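Okay, so here's the structure we're looking at.
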Amino acid sequence: MNTNTEFVDNRTPARTGVIHTFLCIFLFLIQAGNTSAAVPPTPNDIQIETTLNQLLEEQQAKIYKKIIEPDEPVSWWVYLPDNDSSEIPGVFVYISPMKTGRIDSRWREVMDEQNLIYIAANKSGNKTPTIRRMVMANLGIKALALEYAFDPGQINVSGFSGGGRVASRLASQYPEIYTGALYICGVDFWKKDYTPNVERVLQNRFVFLTGSRDFNENETRLIHKRYIKEGAVNSKLIVIPGMAHKHPDATYLTEALEFLLARN
């Protein structure tokens, strides 16, 4: 595994392109996916807040000025795994369809068991321009690296609904960073113009997770088949019986992550 990972996209916004913004899904569907709103944070739930001026060199911060102002506060919700492992944890970068990056309370035990740090940008929901959501995800890894040790060869990206679509773009554009991806009830197939290294993409691992009552089930199945056809053989489809457009529980999340983490 290549550990010489560049966490920050050094290409200009013009090179990356401004990708169209996805419309916010219906409010009741979003709320259905957020089952942890009433559960209070734990001591392992923290916030990282910074600005681009603090995080990057001055010239580098200016590159992103049209996306994020250099002195604008940006923050991420972080959950640190609570376990006795002596191994350096991996990272689970999550893109939420909502304004908060708060972790689903059912997922904490999975992060503990799989030894993964959860990180998700705040104010990065479906109404946020896609390019900003992508930049926030990449910068989150940079911000995390300044505070905590983690395995740079074990960084996974995920998202729910519109966040899953953003995750699929990150996974295809930055395959050297995100070597595993979990798409939950939302995914796009990669675009060749924005996928500089398809061969590297095909080496990674992917899980397509949906429910039998999810309105995105058929699309998820079709894109999973396209991944397989293109040569992404390490791709797994999980269709949860009776589940609509919502987060999976701990059991199915564990199944997905065990597949992603089963690397040689």
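The values are calculated or read from the model by the stated rules, or taken from the named source; none is laboratory data. Please read these numbers as outputs of a predicted model, since none were measured by experiment. Glycine also receives a Cβ, built like all others from the backbone with ideal geometry; neighbour counts cover every protein chain displayed.
Only one of the listed residues (V207, V233, V201) is touching a strand residue (DSSP E or B) at 6+ places or on another chain (Cβ under 6 Å) and under 23 Å from E176 (Cβ atoms). That residue is V207. In the range 16-37, the count of residues that are more than 19 Å from the chain's Cα centre (by Cα), among the polar types (S, T, N, Q) and either at pLDDT 95 or above or surrounded by 15 or more Cβ atoms within 10 Å (Cβ to Cβ) (or both) is zero. Select, from G163, G180, the only residue that is farther than 17 Å from P129 by Cα and modelled with pLDDT of 95 or more. Criteria check complete, one pass: G180. When each of F160, F150 is tested for being within 27 Å of A262 (Cα to Cα), in contact with a helix residue (DSSP H, G or I) (Cβ under 8 Å, 6 or more places away or on another chain) and crowded, with 23+ Cβ neighbours inside 10 Å, the lone residue that passes is F160.
Looking across the range 65-76 at every residue that is surrounded by fewer than 22 Cβ atoms within 10 Å (Cβ to Cβ) and under 21 Å from R169 (Cα atoms), the one that is farthest from the chain's Cα centre (by Cα) is identified as K66. Within the range 223-250, residues that are within 20 Å of G163 (Cβ to Cβ) and among the acidic types (D, E) have Cβ atoms under 8 Å from residues that are surrounded by fewer than 20 Cβ atoms within 10 Å (Cβ to Cβ) and modelled with pLDDT of 95 or more in these pairs: D249/R106, counting only partners at least 6 apart in sequence or on another chain.
Scanning the range 56-86 for residues that are within 30 Å of V110 (Cα to Cα) and polar (S, T, N, Q) yields a total of 4. When only residues in the range 88-112 that are surrounded by fewer than 17 Cβ atoms within 10 Å (Cβ to Cβ) and in contact (Cβ under 8 Å) with a residue 60 or more places away in the chain count, which is farthest from K246 (Cα to Cα)? Checked the range 88-112; the qualifying residue farthest from K246 (Cα to Cα) is I88.
This table checks each residue for (1) touching a Pro at 6+ places or on another chain (Cβ under 9 Å); (2) under 15 Å from S168 (Cα atoms); (3) surrounded by 15 or more Cβ atoms within 10 Å (Cβ to Cβ).
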residue	(1), (2), (3)
E217	no, no, yes
Y227	no, yes, yes
L237	no, yes, yes
I240	yes, no, yes
H245	no, no, yes
Y252	no, no, yes
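Scan the range 202-224 residue by residue and report those that are of a type in the set (K, R) and over 18 Å from the mean Cα position of the chain (by Cα). Selection gives R213, R221. The criterion of at least 1 residues that are among the aromatic types (F, W, Y) is met by the following helices (runs of 4 or more DSSP H) wholly inside the range 151-264: 217-230, 250-261.
Pairs linking a residue in the range 71-83 that is more than 14 Å from T50 (Cα to Cα) to a residue that is among the aromatic types (F, W, Y), with Cβ atoms under 6 Å and 6 or more positions apart or on different chains, are Y79/Y118. For beta carbons closer than 6 Å, sequence separation of 6+ or different chains, a first residue in the range 188-203 that is free of Cβ contacts under 8 Å to residues at least 40 places away in the same chain and a second that is small (G, A, S) and surrounded by 15 or more Cβ atoms within 10 Å (Cβ to Cβ), the qualifying pairs are D188/S168; W190/S172; T195/S172; V201/S172; L202/A232. When only residues in the range 170-191 that are of a type in the set (D, E, K, R) and in contact with a Ser or Thr (Cβ under 7 Å, 6 or more places away or on another chain) count, which is nearest to P241 (Cα to Cα)? Among those that are of a type in the set (D, E, K, R) and in contact with a Ser or Thr (Cβ under 7 Å, 6 or more places away or on another chain), it is D188.
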